[in-house]
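Structure record follows, encoded as structure tokens.
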Amino acid sequence: MIIFFARRFLTSALVVLTSTLIMYAMVAASIDPLEELRGGNMANKEALMERLSQQLRLDDPVIVRYIDWLKGALGCTYGQCDLGEDWKTHETVTHALSGAIVTTLQLVFAATILAIIGGAAVGIISALRQYSGFDYSITFMSFLMYSLPVFWVAVLAKAFLAIDFNDWLRDPGFGPMTIGLVAAGSGIALGAALGGDWMRRARVFGATAVLVAGLMLYLNVTDFFIRPSQGRAVDLLVITVLGIGLAFLVTLLSTGLRNRKALYSALTSVGIGAALYFPMLEFWNSVDASWLIVILLALVALGVGIAVGYGWGGPDWGRSSRTAAFTAFLMAGLLFVDRLGQSWNAYVHNPRVKGRPLATIGSGTPNLEGSFWIQTIDLMTHIALPSVTLVLISFAGYTRYSRASTLEVLNQDYIRTARSKGLTERTVIMRHAFRNAMLPLASVVPVDLITVIGGALLTETVFGWHGMGKMFVDAMSGNLQDPVMGYILVVGIFAVIANFVADLVYAVLDPRIRVNA
Amino acid sequence: MSLPPLIGDGAPGEPPPGSVVGDTLENAIELKEVEGLSQGQIVRRRFFAHRGAISGLVTIFLIMLLAYSSVGFTLGPIDVPGWWQWKPNALTPMLGRGDPTTAGPLPWGSHPFGQDTVGRDVFALVMKGTQTSINVMIVIGVVAATIGMIIGSVAGFFRGNIDQLLMRLTDLIVTFPVLVIGAVLGNMFVRSPVWLLAVCLGLITWPTLARLVRGEFLTLREREFVDAARVSGASTFRIIRKHMLPNAMGVIIVNTTLLMSAAVLLETALSFLGFGINPPNVSLGKMISTYQNAFNTRPWLFWWPGLFIILIALSVNFIGDGLRDAFDPRQKKIPSARKMARAARQQEQVQE
């Protein structure tokens, strides 16, 4: 194992070293720092060019400059990073990168996680309904997404989604036309996804349409989009109802509703969450909220879920624990969203936001003052559009991959065995097919991450995010060698790490693969 | 004996695909359909039966016909004039705000796609941009396919150190997003002709194809017909060219097509960022970036270039999908209920 790690580390270091060398030479050949001076008509043009060449050591061979750059970069290993500076503004690259990396990673991870969850779910359902109308529509949609230029969609999203949504927020509410169309549309989509004979589809359609229409009417009546929080008692009621629904859904997918112990465990964790509603609000008032506390609380929720499952006991308490832990995690998420919702009004009426919450430019409202909750809402309103556009890049890919691998898995002998020994369809799909079908995705994720980082060049440019992508684009057009190399170094290291993690995950998930040196 | 059908699959009474009964029936139909046909004929037949692929093929053909004939093109020393009244970069008298016209000397008016802010005809610009996109797509396709094919087959055939070396080379290239390397290369060739940029982009888009070809070759080289060729004294080059490449052709053709549709998006994205095609050459991506702020006042400047990018990429994608289905022997067309019933009857007769 140690040898494996050492070997991987060595090859990775070699990859980063070689790729940065090649890129350094290419970037040096590609940019022309003297471009502006050459085009200008200053009297002492020659002298200025001479001086800049000396300052940037343009007359030295590329390899010499690379070695010097590398010396500075190697300093990062012992805390003395020197990646050079932007020679126009004299901002050091490390300083520029420190903010940009976080910004871009937020964007890239938000987009990738959304794409994996959505794409895998849609892909699997599409595979289960192979050759149905649903399957064909999904296939067509994924082809369309493959063919959409990201920058074009980004400009569209900026113009339509953001501006129209903000206008709509002034007087929110759904007309009868909208309610009818959305209800019918979601009914048809869910009916097609769940499949079955016409009676079943009609029932699903009816139930979904009524539920969606009711929900939209409720949102209308309560002016949800102006005041998401309806007073705490109502909020608690809504959260409890949603939690119970989630408990049933999670149990249905993980163990089936006939496993009463699991169902009761899930419901218990919803109950605990509801009971903690008021204490939690007090808790947030008394502490200085931060992401660290949020993450810790999420872990606590998982722990409580496991404990609840264990408490209900039974011969197979592990399954109850899993179900309860997942439900508890979702319940904690609901509480978190509720707490955010209570700050929504304060956010929208903040003088810096001016009632137009969905942002089109930048990665945060400048000089926004406020609590952790206000800042979080601000991050979310800013990340929404760029990440949705980025999702477009990879969503189709994940759909196609998970569809193909599910089809492959469903044809395997062990699925036939599982069916023939009388397991329910749910067990066959969720326990035997789903897990194996997700395996190949582990090797797709790093490749896709790199593509999404490339796509971030486009979304960050359109939405004016000050992330790494924009830094790269600006540095390339501004003829700045060092910032470009800073970007290349970070992306190279990131790619190497992503591949390494993917290999490890694959080895953990698939017992057929052995980590050998 | 019949297995439980996949949930929610097919109407009752019909043998579900994937079950044993369904398999034999489908095989019977399929065998009958391909009796006495060569591999190429089977592939061609399946391709032409693929509705999506055919619509893609027709669309791309019509787009090319429109784009090349309307504004004309230059082929080396020959300058082919087009039938459209305006040249792409010519300034035409402004008609009002430059809205798309619906009437005039021709049924669709003198500026069917409108005019830009200085009076250039958007139809002519979009047609020229479409030409650029298609040209770049074809060059990238040819270059990347050639390199990917050579590197993949050499790595897969010889294995060992050569394979290691070539695969590490591909690893190096895929470390960075293709858009990033493309931007560096594009910036290097800003003042060069379009084809040079396209060749450069071809030089960085081959790794996926090379990996797939290598995988294909690794399995092919263990097959008996390769041994047979080697025993009968064929040279390495001949084995690769005559025995292995034809068998890997499916993978190569399909993935080249998919690579070409990605190439359209790559070129337009690079031009959008300003590292691709620059004036006086016209690119659809560059048009969108130039006019993105005019979106609210002159939406036609934005819609048409985007629409043509999508049309090109989508049709090429559909062609690729059709090719994949045609080349994949495991891919089954679901026969209609009537054909299934007929095959079932025939099988019963045989069994009696």
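Worth pointing out:
- Note on region B:286-327: residues that are more than 8 Å from chain A (Cβ to nearest Cβ) and either of a type in the set (Asp, Glu) or touching a Cys at 6+ places or on another chain (Cβ under 6 Å) (or both) amount to 1.
- The helices (runs of 4 or more DSSP H) located wholly in region B:182-233 that include 2 or more residues which are within 14 Å of chain A (Cβ to nearest Cβ) and farther than 30 Å from A:Pro33 by Cα occupy B:207-220.
- Residues that are among the aliphatic types (A, V, I, L, M), under 19 Å from the mean Cα position of the chain (by Cα) and within 11 Å of chain B (Cβ to nearest Cβ), drawn from region A:422-455: A:Val447, A:Leu449, A:Ile450, A:Val452, A:Ile453
- Failed criterion for A:Ile377 (all others in (1) of a type outside the set (Asp, Glu); (2) surrounded by fewer than 20 Cβ atoms within 10 Å (Cβ to Cβ); (3) more than 14 Å from every other protein chain (Cβ to nearest Cβ); (4) more than 24 Å from B:Leu179 (Cα to Cα) hold): (2)
- Within region B:264-285, tally of residues that are part of a helix (DSSP H, G or I), closer than 17 Å to A:Val462 by Cβ and within 9 Å of chain A (Cβ to nearest Cβ): 7
A quick yes/no check of all residues on (1) closer than 30 Å to A:Leu253 by Cα; (2) over 27 Å from the mean Cα position of the chain (by Cα); (3) surrounded by fewer than 14 Cβ atoms within 10 Å (Cβ to Cβ):
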| residue | (1), (2), (3) |
| --- | --- |
| A:Leu144 | no, no, no |
| A:Val153 | no, no, no |
| A:Ala157 | no, no, no |
| A:Leu169 | no, no, no |
| A:Leu181 | yes, yes, yes |
| A:Leu190 | yes, no, no |
| A:Gly214 | yes, yes, yes |
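- Of the residues making up region A:471-486, those that are touching a residue at least 60 places away in the same chain (Cβ under 8 Å), within 16 Å of A:His95 (Cα to Cα) and in contact with a Leu (Cβ under 9 Å, 6 or more places away or on another chain) number 6.
- When A:Ile163 is tested against the conditions (1) closer than 30 Å to A:Thr327 by Cα; (2) surrounded by fewer than 18 Cβ atoms within 10 Å (Cβ to Cβ); (3) at the interface with chain B (Cβ under 10 Å from one of its Cβ atoms); (4) in contact (Cβ under 8 Å) with a residue 40 or more places away in the chain, the lone failure is (1).
Yes/no matrix, rows are residues, columns are (1) of a type outside the set (A, V, I, L, M, F, W, C); (2) over 21 Å from the mean Cα position of the chain (by Cα):
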{"position": "A:Val308", "(1), (2)": "no, yes"}
{"position": "A:Gly311", "(1), (2)": "yes, yes"}
{"position": "A:Lys354", "(1), (2)": "yes, yes"}
{"position": "A:Glu369", "(1), (2)": "yes, yes"}
{"position": "A:Trp373", "(1), (2)": "no, no"}
{"position": "A:Met380", "(1), (2)": "no, no"}
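- Annotation note: Cβ proximity below 7 Å between a residue of region A:68-81 that is closer than 13 Å to A:Leu17 by Cα and modelled with pLDDT of 80 or more and a residue that is part of a helix (DSSP H, G or I) and not basic (Lys, Arg) (sequence gap 6+ or interchain) occurs for A:Trp69/A:Tyr24; A:Trp69/A:Met485; A:Ala73/A:Leu489.
- The single condition from (1) crowded, with 20+ Cβ neighbours inside 10 Å; (2) without any contact (Cβ under 8 Å) to a residue 12 or more places away in the chain that A:Thr251 fails is (2).
- Among the residues of region A:124-133, the ones that are crowded, with 23+ Cβ neighbours inside 10 Å and of a type outside the set (A, V, I, L, M) come to 1 in all.
- Residues located in region A:456-479, provided they are more than 8 Å from chain B (Cβ to nearest Cβ), surrounded by fewer than 24 Cβ atoms within 10 Å (Cβ to Cβ) and under 16 Å from A:Lys158 (Cα atoms): A:Gly464
- Per this entry, A:Ala193 is counted among residues that are within 14 Å of chain B (Cβ to nearest Cβ) and either of a type in the set (Gly, Ala, Ser) or not in a helix (DSSP H, G or I) (or both).
- Any pair with Cβ under 9 angstrom, 6 or more apart, that starts in region A:369-380 at a residue that is modelled with pLDDT under 85 and ends at one that is part of a helix (DSSP H, G or I) and of a type in the set (Ser, Thr, Tyr): A:Gly370/A:Ser343; A:Gly370/A:Tyr347; A:Ser371/A:Ser343
- Pairs, first surrounded by 24 or more Cβ atoms within 10 Å (Cβ to Cβ) in region A:393-417, second among the acidic types (Asp, Glu), C-beta under 6 Å, six or more apart: A:Ser394/A:Asp448
- Hey, A:Ile138 more than 23 Å from A:Ala475 (Cα to Cα), away from chain B (no Cβ under 14 Å), modelled with pLDDT of 80 or more and not in a loop (DSSP other than H, G, I, E, B) or not: no
- Scoring A:Ala121 on the criteria (1) within 14 Å of chain B (Cβ to nearest Cβ); (2) surrounded by fewer than 21 Cβ atoms within 10 Å (Cβ to Cβ) leaves a single failure, condition (1).
- The set of residues in region A:160-179 being among the β-branched types (Val, Ile, Thr) and closer than 13 Å to A:Pro357 by Cβ consists of A:Ile163 alone.
The values are calculated or read from the model by the stated rules, or taken from the named source; none is laboratory data. Just so we're clear, the structure is a prediction, and the values are computed from it rather than from any experiment. Here the Cβ is made from the backbone with ideal geometry for all residues, glycine too, and neighbour counts use every protein chain on show.
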